[in-house]
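The values are calculated or read from the model by the stated rules, or taken from the named source; none is laboratory data. Just so you know, these numbers come straight off a predicted model, no measurement behind them. Here the Cβ positions follow ideal geometry from the backbone for every residue, glycine too, while neighbour counts run over all protein chains shown. For accessibility, only protein heavy atoms count, side chains too; no ligands or nucleic acids. Shrake-Rupley method; radii C 1.70, N 1.55, O 1.52, S 1.80 Å.
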Amino acid sequence: MSGGDWSAAPAREPGHVDETALGREARPASAGSAAGPAVGRVHGRPAPEYGEYAPEGWVNPVLEAQRREDERRAQERREEQPIATAKSAAAAQQVPRSRFGASPLDFVLTVGLLVTGLFSTVQSLSVTQVASSVRETFEQQYTTFADPAALSTAAVVGAIGSVVVFALVTWWSIRRLRARRRTFWVPLLGGVVATAISVTAFIVVVLQDPRFLQAVMQHSGG
C-alpha cells in the first residue's frame, strides 16, 4: 500500500516488551517504578501515631500503667496524711502546756525570783539599818568615817532604786508570763541592776570621805 505500510507494528520504546504479544494481559505500570521504591504510604501524609488505627475501646497500656501508678501514690498520700496529723497532735499533747510562761518550770522560777526580789526590796527600805551595816563593815577594815550620815543618803538612793527596778521587773514579767514567753531571766536582770545602783551610791559617798581615803592610802603604803 502506498503512503506507508499500515500492517507494520508500531515502534516501541527500547527495552519495552509487548505483553499482549506474549499472550499476557496488559497491566498498568507501577507508580513507584519510575520514582523509586515504594514507601508504604501516600506521599505527604505523616506516619500514623501509636494506636491511631486501634479499634474502639483500646487503651494504651503504657499510659494506663502510668495512670494507675499515679492513683496509687495519691491514695498512699491520702492515707499517710491522717497518720502524720495524729502523730503531731499526740506529740503536742505530751508537751506540758503552761497557762503562764513558756513552761511550768519557767513560771515557778519567775515567781520564786520575784518573791526573793520583793524581800530584798523591803529590806532595802530599812535605810538606817543598811547604813549602819555598811559603816560597821568599813570601820572594821579601814577607819571611821568623817561623815557617817552620808551613808544614810546612799542607803536612801539604793532603796529608791530597788523599788523602781522591782516595779518595772514585776510589770515586765507579768506581760511575758501572759504571753507564754520565757521570763525567769527578767527578775535576775532586775536584781543585778538594783544591786549595781545601790553599790554605786555607796562607792560615791565613801570615796568622798577624807578619813577613808587617808586610811586607804596608808593601807596601800602610799
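Across the stretch 198-222, the qualifying residues are those that are aliphatic (A, V, I, L, M) and open to solvent by less than 60 Å² (accessible area, probe 1.4 Å), and the one among them that is farthest from the chain's Cα centre (by Cα) is A215.
Of all residues in the stretch 109-121, those being open to solvent by less than 80 Å² (accessible area, probe 1.4 Å) and free of Cβ contacts under 8 Å to residues at least 40 places away in the same chain number 3.
Restrict the check to the stretch 132-149 and report whether at least one residue is open to solvent by 30 Å² or more (accessible area, probe 1.4 Å), farther than 21 Å from A215 by Cα, part of a helix (DSSP H, G or I) and not basic (K, R). Checking the stretch 132-149: not a single residue is open to solvent by 30 Å² or more (accessible area, probe 1.4 Å), farther than 21 Å from A215 by Cα, part of a helix (DSSP H, G or I) and not basic (K, R). Within the stretch 122-131, the only residue that satisfies the criterion of being open to solvent by less than 30 Å² (accessible area, probe 1.4 Å) and either more than 16 Å from A154 (Cβ to Cβ) or polar (S, T, N, Q) (or both) is S124. Residues in the stretch 165-188 that are closer than 17 Å to V115 by Cα, free of Cβ contacts under 8 Å to residues at least 24 places away in the same chain and open to solvent by less than 80 Å² (accessible area, probe 1.4 Å): A167, I174.
Condition first: within 30 Å of L105 (Cα to Cα), among the basic types (K, R) and outside any loop (DSSP other than H, G, I, E, B). Can you find one or more residues in the stretch 207-215 that meet it? No, the stretch 207-215 contains no residue that is within 30 Å of L105 (Cα to Cα), among the basic types (K, R) and outside any loop (DSSP other than H, G, I, E, B).
One line per residue, one yes/no per condition, for (1) at pLDDT below 90; (2) in contact with a Ser or Thr (Cβ under 8 Å, 6 or more places away or on another chain):
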| site | (1), (2) |
| --- | --- |
| S133 | yes, no |
| G161 | no, yes |
| W171 | no, no |
| V206 | yes, no |
| D209 | yes, no |
| M217 | yes, no |
